[in-house]
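**Q** Right, I'll just put the structure down here and ask away after.
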Amino acid sequence: MRTGPQRPVRILSRFGGGLAAIAFAAAAPLSPAGAQSTLPIAAAAAANGVSDFYKARDGRPLWFSQNGRQADVLLEILASAELDGLSPDRYRVEDLKRVVQAASDSGSSRAMRRADKLLSQALVDYVRDVRTAPRTDTIYVDSDLKPSPPSARAILDAAAKAPSLETYVAEMRWMNPLYAQLRQALASGSYSPEQSDLIRLNLQRLRELPAGDGRYVLVNAAAQRLFMYEGGEAVDSMRVVVGKPIYPTPMMAAYIRFANLNPYWYVPADLAAERIAPNVVKQGLPYLQRQGYEVVSDFVGEPQIIDPTTIDWQAVADGRQKVLIRQQPGAHNSMGRIKFMFPNSEGVYLHDNPERELFEQAARLYSGGCVRLESAWRLSRWLFGRDLTWKGAGAEEEVKLDKPVPVYITYLTAVPDGSQVAFLDDVYGRDKARLARQGDGGLIAAAR
């Protein structure tokens, strides 16, 4: 259920970044002389980060320090970078293979150190590229949740701390775990061209999700399901109701900052015209009282309550007049007894829901855009670490989180399902619209 006014927001971003050739530029004869003079600042900073990493470990190798296939696995990933919507040419894989093979064959410590640094630089370039935000329709309510490339030092420090570098690289631990699983499925070549296009599209969406062990909430509107993530794994999940196709739940990233107990529902003007005004016309003003609706002067502060007899309800139903309506807290309130707030211009929240029968439906597309929760109190216990209750609380009583928790509302229509990929219905037509633009640059252009 949406609440409050709606203002569409669209954020577009492009890849920046430097050239993978920076590592080779310092290692003749693989690159032309003088190549460093034209390197972007970001690439030069990455190169300095690689140097700092090796200085901090007294030059000890990373890739040649463990037995295993870690170098081969990285080279395989780089060679298949088109799966990520990136160009493999950027990483000069064939040159890198020759350098690594020569170092292995010769056993020369000098050659190994050189190859080791080149592998590290290639990892840094790739991770920074794939961790840069792709172009999507996601609304970043809190800008620091937008994916940004980590520093070279952070990338390499994380790799060095991994118990197994081969496993770390093979599982692409710098990405959300769903990303590596879906990418592996695409690399298998087991899917039709149409299915492969869908997997590629969903890989772009997965690039926006966090890596690491932090706590966050993930809502997949296409699956109509919410997941609670902690320690890199989904620790709980529940069914949700999301927006109707005419009121699609937007893709967004924000911080859940507090909960409201006994909330009002602030009815968006379009829903007031669609759902409430026609019932007033048919049933009269007592309908408002039975449902706990009141006409107000504003949606903030302590608004003035307006006499409903002064409203032309037929005009409201016809869209010729707009009114602000809120529903008082109570058993019939469309927000239920608790809502989780990440204030945003779309008026979208996670909230309780009194219409329990909706959760038994296979397709749960009934809301005005908000996310209705199968078990709001279970989510509250996970978020707050304690039981909350609406009993005895005032209207819109605010309970702040000690530490805000990110929520990512996404739209994944191809998801890992064991060793296979499950394809979900494109309920909002977003896949169809994106894939239709392939002829104008396709998904690789969208990734940049």
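**Q** If you take the square roots of the eigenvalues of the alpha-carbon gyration tensor of the chain and sort them as a ≥ b ≥ c, do you get rounded (a/c under 1.5), prolate (a/b over b/c) or oblate?
**A** It comes out prolate by the Cα gyration axes.
**Q** If you build a Gaussian network model of the chain, linking Cα atoms that sit under 10 Å apart, which residue out of ALA211, ALA160, ALA433 swings the most?
**A** Greatest mean-square fluctuation among the candidates belongs to ALA433.
**Q** Let me ask another. At 15 Å minimum axial length over the Cα atoms and a Kyte-Doolittle cut of 0.0, report the qualifying DSSP H helices in the chain, or say none.
**A** Both cut-offs are met by 41-56, 177-187.
**Q** Could you tell me which of rounded, prolate or oblate describes the stretch 173-229, using a ≥ b ≥ c as the square roots of the eigenvalues of the alpha-carbon gyration tensor, with rounded for a/c under 1.5 and, failing that, prolate when a/b is larger than b/c and oblate otherwise?
**A** In terms of gyration-tensor shape, oblate.
**Q** Also, I was wondering about something else. Comparing ARG183, ARG135, ARG290, which has the greatest mean-square fluctuation in the GNM of the chain with Cα pairs linked when under 10 Å apart?
**A** Of the options given, ARG290 has the highest mean-square fluctuation.
**Q** For LYS391, give me every one of the lysines with a C-alpha distance below 16 angstrom, ignoring sequence neighbours fewer than eight places off in its own chain.
**A** LYS339
**Q** Right, here's the next one. What does DSSP give for the chain in terms of the percent of beta bridges that are antiparallel, rounded to the nearest 5? Kindly include the intermediate steps, with their values, before the conclusion.
**A** Numbers: 41 of 51 bridges.
Roughly 80 percent of the beta bridges in the chain run antiparallel, per DSSP.
Here, each number is a calculation from the coordinates, and none is a lab measurement. Nothing here was measured: the structure is a model prediction, and the numbers come from that model.
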